[in-house]
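Here is the structure we will look at.
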Amino acid sequence: MGVGLRAERIKVIKGRVQVLAVDELEIASGEIWGIIGPNGAGKSTLLHVLSLLERPDEGTVYFDGRPVNWRRREIMELRRQLAVVFQEPLLLNTTVYQNVALGLRFRGIKGPEAGRRVQKWLEILGIAHLALRKPWELSGGEARRVSLARALVLEPQVLLLDEPFVALDTPTRAALLVELRRLLKGRGITALFVTHDFMELPLLADRVAVLCDGRIVETGRPRDIPWSSWGPYRGQTGEESPYPWPWPGVWTRDEGAK
Amino acid sequence: MRAVGATWEGLVRGIELLVRLDPGVLEVVWLTLRVCGQSTFFSVLVGVPLGAFLAFRRFLGRGLVISVVNTLMGIPPTVAGLWVSFLLWRSGPLGRLELIYTPTAIVIAQVVIAVPLVTGLSMAAFQQLPPKLPAQVLALGASPAQLFWTLLKEARLGLLAAVIAGFGGVVSEVGASMMVGGNILHHTRVLTTAIVMEVGRGNFAMAWALSFILLGLTFTVTAVLTVLQQGRRRYGGWP
Ligand SMILES: Nc1ncnc2c1ncn2[C@@H]1O[C@H](COP(=O)(O)OP(=O)(O)OP(=O)(O)O)[C@@H](O)[C@H]1O
Ligand SMILES: [Mg+2]
């Protein structure tokens, strides 16, 4: 079963500007949260804080109910229970296989056990034939899949994804969304993902938070978050806006998945 | 004409000395390799972690420390030799260790020469890595040691350049070896000090011979490091 995350009175200041001010965010064990919001809203910053990579200037993160104290040894143990897919994934200068195996190696998982797991995830993500390639020999979408594989192979308690599907072709993206939700729900993994695509919300998320200027301005079920939550079309309904919303069929998918 | 003749004679003599495994020359070659190998090793041991520290940590006075390191990268070996001999002289603060005019003294002086080179170039090598890389490696669950090792492998091209520069710096210097080693036969005579001595004595052919041996030695060691550096790198090439 996954573990819960909770952020309380988090403040992050970068270059004298407060880029994140989250009063409260509670992600219950096994829940999947989507984070959406305009560019520069602080979504990636929030994800860094929750993945225990960036210590907030103020506030407390609770991991599995206990406050995180940011001491080096303990933080490493906590980090080993989570996996992160970054907005700009950086692959290491070695083969795809080694890149995917790296997190397992850090955890002391080697040999056939590691080989089996890596192979499994390379196959699920359709990149098994690229195992011996170097990062610069991959297409953008293939590299993106490697970054997904290297996180999912860890089979973590908590999964944090920052725009994980941006470079993927739409049919693959749809298939992966459904597959990922099935996987997360099957294992009770707690997850949080950042996206710019409202279509992804009902396919993957249980709950959604809208982040604007570093603050959570709205939370709710995916269907309750309108496409025009911010920006020039703010408050308009789907019929008036140039972007049709809601998309037909999306609701039923959401209800089917529940 | 005489110079050309000496060069040619020197080249032939050098090959001859090596082929015959002349014990006197082999002794000097071996000591050179040992001393320079040790000083390079210790410089890397100190310089690479120091370079990583300067590259990744922010602290008060960091800019000053980096400036000092960069200045010392160009330290004249004679100056390093002078400092170290002050320390090691019988009457000096470390005089009781009785290290002056020993191979160890040469190693110490050469470490002083090479540490800034290795530190400065390692720092640059680490700073060339993407700034967000350490966080992503930590996110994969790396311990501090695993993070360091991973970054080391990522920066290996630049780091091997640092090692090559460090070795080049110590194998080519003569001022420090002379000052703290004293060019004592069977004890502290290395190739560079031997060359200076032979020139002083007017044995140009021998000096040339030794210079070719030194070049050959440097080339061999550097070639091994270069193979390590360039070895498995296989880019498509310039388009
Ligand atoms: N190192 C930094 N120094 C100063 N400001 C920073 C730094 N890093 C990020 N910021 C600022 O922090 C704010 C939040 O950045 P963040 O990356 O969290 O945005 P985001 O919501 O993920 O945006 P996007 O949708 O473009 O990915 C932005 O305004 C950004 O300019
Ligand atoms: Mg972002």
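Summary of values
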{"read-out": "Alpha carbon centroid spacing (whole Å) that separates segment B:64-118 from segment A:16-41", "value": "55 Å"}
{"read-out": "Proximal aspartates and glutamates relative to A:LYS14, as straight alpha-carbon distance under 17 Å, when same-chain residues fewer than 8 apart are discounted", "value": "A:GLU54, A:ASP57, A:GLU58, A:ASP213"}
{"read-out": "Mean-position separation - Cα centroids, segment A:179-205 and segment A:58-100, in angstrom", "value": "19 Å"}
{"read-out": "Modelled FRET efficiency - R0 45 Å, B:VAL65 with A:ALA28, Cβ distances, 0.05 increments", "value": "0.40"}
{"read-out": "Accessible-area ranking of B:MET73, B:MET123, largest first, probe 1.4 Å", "value": "B:MET73, B:MET123"}
{"read-out": "Assigned charges on the beta-carbon of Lys, Arg, Asp, Glu; segment A:89-155 dipole about Cα centre (debye)", "value": "140 debye"}
{"read-out": "Peptide-level mean, for B:130-138, of C-beta atoms on other protein chains within 10 Å", "value": "5"}
{"read-out": "Hydrodynamic radius (Kirkwood) for segment A:89-155, which is based on Cα pairs only, to one decimal in Å", "value": "11.4 Å"}
{"read-out": "Bins of 10 Å, starting at 0 and running to the largest distance - Cα pair percent for the protein assembly as shown", "value": "4, 16, 21, 18, 14, 11, 8, 6, 3, 0"}
{"read-out": "Buried accessible area, chains B and A (both chains, 1.4 Å probe, Å² to nearest 100)", "value": "2100 Å²"}
{"read-out": "Isotropically averaged projected area of chain A, using the convex hull of Cα atoms (one quarter of hull area), nm²", "value": "14.5 nm²"}
{"read-out": "Gaussian network model of chain A, Cα within-10 Å springs - most flexible of A:PRO232, A:PRO222, A:PRO67", "value": "A:PRO232"}
{"read-out": "Mean shadow area of chain B, taken as a quarter of the surface of its Cα convex hull (nm²)", "value": "17.9 nm²"}
{"read-out": "Selected from B:ALA165, B:VAL79, B:VAL190, residue furthest toward positive end of dipole (chain B; charges at beta carbon)", "value": "B:ALA165"}
{"read-out": "Charge dipole (segment A:89-155, unit charges on Cβ, about Cα centre) - positive-most of A:LEU125, A:LEU90, A:GLY141", "value": "A:LEU90"}
{"read-out": "Pair-distance profile P(r), taking every C-alpha pair of segment B:93-196, with 10 angstrom steps and integer %", "value": "15, 32, 23, 18, 11, 2"}
{"read-out": "Stokes-Einstein D for segment A:1-73, Kirkwood Rh over Cα pairs, 37 °C, 0.692 mPa s (µm²/s)", "value": "257 µm²/s"}
{"read-out": "Modelled FRET efficiency - R0 25 Å, B:TRP8 with B:VAL199, Cβ distances, 0.05 increments", "value": "0.90"}
{"read-out": "Pairwise label distance in nanometres, A:GLU113 with A:LYS11, each label 7 Å out on the Cα-Cβ vector", "value": "4.5 nm"}
{"read-out": "Charge dipole magnitude, Cβ of K and R +1, D and E -1 - segment B:106-213, Cα centre, debye nearest 20", "value": "140 debye"}
{"read-out": "Nearest 10 degrees, 0 to 90: helix B:2-19 Cα axis against chain B principal axis", "value": "70 degrees"}
{"read-out": "DSSP beta bridge pairing in the protein assembly as shown, given as percent antiparallel to the nearest 5", "value": "55 percent"}
{"read-out": "Computed [θ] at 222 nm, deg cm²/dmol, the protein assembly as shown (DSSP H ≥ 4; -39,500 (n - 2.57); rounded to nearest 500)", "value": "-17000 deg cm²/dmol"}
{"read-out": "Whichever lysines have a C-alpha closer than 16 Å to that of A:LYS120, once near sequence neighbours (fewer than 8 apart) are set aside", "value": "A:LYS110"}
{"read-out": "Cα-based helix-to-principal-axis angle, B:144-154 vs chain B, degrees rounded to 10", "value": "60 degrees"}
{"read-out": "Highest to lowest packing among A:193-204, A:124-135, scored as the average C-beta count within 10 Å", "value": "A:193-204, A:124-135"}
{"read-out": "Accessible area per residue, Å², segment A:89-155 with all protein chains present, probe 1.4 Å", "value": "39 Å²"}
{"read-out": "Alpha-carbon centroids, segment B:1-37 and segment A:104-127: separation in whole Å", "value": "54 Å"}
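The values are calculated or read from the model by the stated rules, or taken from the named source; none is laboratory data. All values derive from a computational prediction rather than experimental measurement. Cβ coordinates were reconstructed from backbone atoms using ideal geometry, including for glycine residues, and neighbour counts include every protein chain displayed. Ligands, DNA and RNA are excluded from the accessible area calculation, which covers all protein heavy atoms including side chains. Shrake-Rupley method; radii C 1.70, N 1.55, O 1.52, S 1.80 Å.
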